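The values are calculated or read from the model by the stated rules, or taken from the named source; none is laboratory data. Since we're looking at a predicted model, the values are computed, not measured. Note that we place each Cβ from the backbone using ideal geometry, even for glycine, and neighbour counts take in every protein chain shown.
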Amino acid sequence: MVTHQVIEAALQSAVDDGVFPGAQLAVRLRGELQYVVVAGRLSSEPPGLPVQPSTIYDLASLTKPLATVTSVLLLIQRATVALEDPVQQVLAELEGTPIGQATVRDLLTHRSGLPGWRPLYERLDARGIVPGFSGGNQSLRQAVLHMIRDEPLIYARGERSIYSDLGFMLLGFLVERLSGMALDRWCEEAITLPLGADPLIFCPMTERRQSPIDISRIAPTEQGEWRNRLLCGEVHDENAAAMGGVAGHAGLFGTAESVLAVSGAWLRAHQGKGSILDGELVRQFTTRQEPASRSSWALGWDTPSAPSSSGSCFSERSFGHLGYTGTSLWIDPLCELEVVLLSNRVHPSRRNEKIKVFRPFIHDLVYREFVSTG
């Protein structure tokens, strides 16, 4: 009981200090859910309902490992694609271009040569291309693919590692092309349903879903300048929004427990236990690819490098990822610890960066309370 109180107090203190309006924290140790603790409210302007374990957050870049990387691993498992395949082998539109020669591995490790980000949504806007619901339409997605194809590389492929949303957009297109399905539909059938990861969804508010999510369950993000409204149930990331809310780099929504459903499949496979994922591939995907000085990236997952958002206690074998909206997932296979922190720290404004100090603090606290004393 003491453990609960220490961590609850830390979360409440973060709410009081304005780190975020509210948050969920889920901790699982050796396959056993220890608890889900919540603090604060869904929003501060105007004051929202109290956060519940069922509150749904915009997961932002947790979309990368949970949806895109998991999808790529499943497709490799099925021998549909290989890590060393050049992306132009799947996306014929990239044939003969510098980025077309980048391999699946290059994109996963963020060393394809692509820049990290470009305001593609502004270019689409300028062309008068408007996204449709749930995944947009094919001409829009084709336009985005061509924009990334035509984006000059900013370094030679493999020369360094620069975290790139654009690279993960390409991986999202690759998954769609190989599966023959829209990314949201594929993820639902290949990941969410088999793992019981409910809710873990793109576009929670669209009519395309059989039962749209009740908006009162969703934590709003920012008063968006581009869209000029408070964003709730629509993706915060502008490029993902321009793509109809479904993209390889962002767009997923969920709860801490639904994130754990996917996290658990990775950890079980890593430990050689029953999982929809292949253990050997999982261990390869979660191992740092470069010497420490060059990059902390594994294949789509990050690994701790001081100073790390995972704090100072997680082992070097750990893997995880962050999301811009105030989300994170860290997994330590040595002690079988999984920690999910979901918040909407971008509400009411993305200028609030207090979470940078809070993340390592809360991970150290969780580790000491659950592992060191256990």
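Comparison of S43, S71, S13 shows that the only residue that is at negative phi, out of contact with any helix residue (DSSP H, G or I) (no Cβ under 7 Å at 6 or more places or on another chain) and crowded, with 19+ Cβ neighbours inside 10 Å is S43.
Restricting S216, S179 to those that are hydroxyl-bearing (S, T, Y), surrounded by fewer than 17 Cβ atoms within 10 Å (Cβ to Cβ) and out of contact with any strand residue (DSSP E or B) (no Cβ under 6 Å at 6 or more places or on another chain) reduces the list to S216. Counting only helices (runs of 4 or more DSSP H) wholly contained in the range 34-130, the ones carrying 1 or more residues that are more than 26 Å from E336 (Cβ to Cβ) and of a type in the set (K, R) occupy 104-108, 120-126. For S328, state whether it is of a type in the set (G, A, S) and in a strand (DSSP E or B). So S328 passes the test. Of everything listed in (1) surrounded by fewer than 20 Cβ atoms within 10 Å (Cβ to Cβ); (2) touching a His at 6+ places or on another chain (Cβ under 9 Å); (3) in a helix (DSSP H, G or I), the single unmet condition for V371 is (2). Within the range 74-92, the residues that satisfy the criterion of being of a type in the set (A, V, I, L, M) and either free of Cβ contacts under 8 Å to residues at least 12 places away in the same chain or at positive phi (or both) are A79, A92.
I276 meets all of the listed conditions (1) outside the structural domain of R351 (by TED's automatic domain parsing); (2) part of a loop (DSSP other than H, G, I, E, B); (3) among the β-branched types (V, I, T) but one, namely (1).
If you filter the range 356-372 down to residues that are out of contact with any strand residue (DSSP E or B) (no Cβ under 7 Å at 6 or more places or on another chain) and not aromatic (F, W, Y), you find that the one that is nearest to Q34 (Cα to Cα) is E369. Flag set for R208, criterion: modelled with pLDDT under 90, surrounded by fewer than 19 Cβ atoms within 10 Å (Cβ to Cβ) and basic (K, R). Taken over the range 153-206, residues that are without any contact (Cβ under 8 Å) to a residue 40 or more places away in the chain and in a loop (DSSP other than H, G, I, E, B) amount to 3. Scanning the range 4-33 for residues that are closer than 18 Å to N352 by Cβ and part of a loop (DSSP other than H, G, I, E, B) yields a count of 5.
Scanning the range 323-368 for residues that are closer than 16 Å to T63 by Cβ and surrounded by fewer than 22 Cβ atoms within 10 Å (Cβ to Cβ) gives a single hit, Y324.
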